[in-house]
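What follows is calculated from the coordinates using simple rules that are stated; it is not laboratory data. Keep in mind that what you see is a predicted model, and the values were worked out from it rather than measured. We place every Cβ from the backbone using ideal geometry, glycine too, and count neighbours over all the protein chains shown.
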Amino acid sequence: MNELLLSDTAKALVDDDKGLLAMDESTPTCNKRFAKLGIPQDEEARRAYREWIVTTPGLGESISGAILYDETIRQQKKDGTPFLKVLTDAGIIPGIKVDTGAKDMAGHPGEKITEGLDGLRDRLKEYFQMGARFAKWRAVIVIGDGLPSRSGLEANAHALARYAALCQEAGLVPVVEPEVLMEGDHTLGCCLKVTEEALRNVFIQLNCQRVMLEGMILKPNMVLPGLGCPQQASVEEVADATVQCFLRTVPAAVPGIAFLSGGQSGELASARLNAMNVRFKSRVPWALAFSFARAIQQPALEIWQGKEANVSAAQKALNHRAQCNRAARRGEYTAAMEKTGS
Ligand code: 13P
């Protein structure tokens, strides 16, 4: 294991108050988002979408790494320049989603287990040779009646740890993503309990599989009440519950916690990340960063609408959200930033 390469990459991913852009929607997910906006659901539309994202002027000022999908990592700009070159020229580290999706878990109605371990060693080798330096695997945890089960949490944590160990063997920093979903009417306290339990399982398994904590990034959900919970929480309550959860479960050797957005609006995700950094940045051992997909891309996608004429406005919107999140890492995000668009 190249420990120095792994810890240097992990540090670089959360350095300088930057964060990750998750642009790794699978083809079905990307097509679903396109369909809602009447954008053609074909390879050329997906390529064009990813081209304007990676060529967004100034993106490297707030984005340290971009997570790609297998189709995207092999694609090029219209002029033939590989996306990988565009990203590295902009100072953005390329990463790759390597799981093959969350499937129904046998014997566990309502629960999911993520697949993709078979053949993973060879795929990781190829991605490293192509230039990727980190990878992502997402486990999905559902809160419901009697859910998650202990065996569901254990199986997902075990798969995450097997993936992480293989990544480190290949020189890729594993981004370990156990996502507790927002769907449901559970309380903030319930999400705290489940997220804590999920993370406890994840770090037990990471240790069992001999994963080097200095060479990984954790990508968790924020601790939030369910979307259907009548008692919603303030930005500060979310910040406190989320950091309390990590202080109890995430070892100090982990260099960074890069949140997923999970369907929160761009503004709320920035405000909550900002509150965490305002209240805790100087007191926690890890960087509190971001690895957002929807909370960075969605407003820009809605502006683009699949039309060339809208590309420049869409790029501005994308860069704006990325900059808001960099400001949030510094505890300097304000609602006024949304009005000025800067
Ligand atoms: P969201 O930020 O849209 O939740 O996506 C993050 C991600 O990478 C999901 O795997």
Original post:
Label-point separation (nm) for Gln41 and Gln244, each offset 7 Å from Cα along Cα-to-Cβ?
Top reply: 4.2 nm
**OP:** List the residues of the range 70-86 whose backbone N lies under 19 Å from a point placed 7 Å from the Cα of Thr27 along the Cα-to-Cβ direction.
**Re:** 70-77, 83
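Hey, fewest Cβ within 10 Å first, where do Arg33, Arg321 land in order? Numbers along the way, then the final one.
Working: Arg33 18, Arg321 24.
So the residues, fewest neighbours to most, are Arg33, Arg321.
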Original post:
If you take the Cα atoms of the range 5-150, find Rg, then find the Kirkwood Rh from the mean of 1/r over all pairs, what is Rg/Rh?
Top reply: 1.01
Original post:
Which one of Thr81, Ala66, Gln168 is farthest out on the positive end of the charge dipole of the chain, using unit charges on Cβ (Lys, Arg +1; Asp, Glu -1) and the Cα centre as origin?
Top reply: Thr81
**OP:** On a C-alpha basis, how far is the centre of the range 1-27 from the centre of the range 122-196 in Å? Whole number, if you could?
**Re:** 16 Å
Subject >> Extended-chain gain in nm, criterion 0.36 nm per residue less alpha-carbon gap, Asp104 and Leu147 >> reply: 14.1 nm
Original post:
So what's the net charge close to Lys77: Lys and Arg +1, Asp and Glu -1, counting the other residues with Cβ under 11 Å from its Cβ?
Top reply: +2
Original post:
What pairs from Lys103/Lys125; Lys103/Lys316; Lys281/Lys339; Lys85/Lys112 go past 29 Å between their alpha carbons?
Top reply: Lys103/Lys316; Lys85/Lys112
Original post:
What FRET efficiency comes out for the pair Lys316/Glu154, r = Cβ-Cβ distance, R0 = 56 Å, nearest 0.05?
Top reply: 0.80
Original post:
Residue-wise, which Karplus ³J(HN,Hα) couplings in Hz belong to the range 86-95, taking 6.51 cos²θ - 1.76 cosθ + 1.60, θ = phi - 60°, and x for glycine or proline?
Top reply: 4, 5, 5, 4, 8, x, 9, 7, x, x
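From the square roots a ≥ b ≥ c of the eigenvalues of the alpha-carbon gyration tensor of the range 84-143, which class results: rounded (a/c under 1.5), prolate (a/b over b/c), or oblate?
Note, shape of the range 84-143 comes out oblate.
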**OP:** Give, rounded to the nearest 20 debye, the magnitude of the charge dipole that the range 31-101 has about its Cα centre when Lys and Arg contribute +1 at Cβ and Asp and Glu contribute -1 at Cβ.
**Re:** 180 debye
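For the chain, just say rounded, prolate or oblate: build the C-alpha gyration tensor, square-root its eigenvalues into a ≥ b ≥ c, call rounded for a/c under 1.5, and beyond that prolate if a/b exceeds b/c, oblate if not.
Note, shape of the chain comes out rounded.
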**OP:** Describe numerically, in nm with one decimal, the distance between label points set 7 Å from Cα along Cα→Cβ at Thr88 and at Asp15.
**Re:** 1.6 nm
Original post:
Karplus couplings for the range 107-117 from phi (6.51 cos²θ - 1.76 cosθ + 1.60, θ = phi - 60°), rounded to Hz, Gly and Pro as x?
Top reply: x, 10, x, x, 10, 10, 9, 8, 9, x, 6
Subject >> Using θ = phi - 60° and Karplus 6.51 cos²θ - 1.76 cosθ + 1.60, couplings along the range 131-138 (whole Hz; Gly, Pro as x) >> reply: x, 5, 10, 8, 9, 9, 9, 10
Original post:
Just from its helices, what would the mean residue ellipticity at 222 nm be for the chain, if runs of 4 or more DSSP H residues each count -39500 (n - 2.57) and the sum is divided by every residue, rounded to the nearest 500 deg cm²/dmol?
Top reply: -15000 deg cm²/dmol
Original post:
On full extension of the chain, what length is gained from Ser282 through Phe128, given 0.36 nm per residue of separation minus the C-alpha to C-alpha distance?
Top reply: 52.0 nm
Original post:
Are there any helices in the chain, counted as whole DSSP H runs, that stretch 18 Å or more along their axis by Cα and score at least 0.0 on average by Kyte-Doolittle, and if so which?
Top reply: 188-208, 235-249, 266-280
**OP:** Before anything else, pin down the relative contact order of the range 164-293: Cα pairs under 8 Å, at least 6 apart, normalised by residue count, whole percent.
**Re:** 28 percent
Original post:
What is the distance, in nm, between label points placed 7 Å from the Cα along the Cα-to-Cβ direction at Asp8 and at Lys307?
Top reply: 4.7 nm
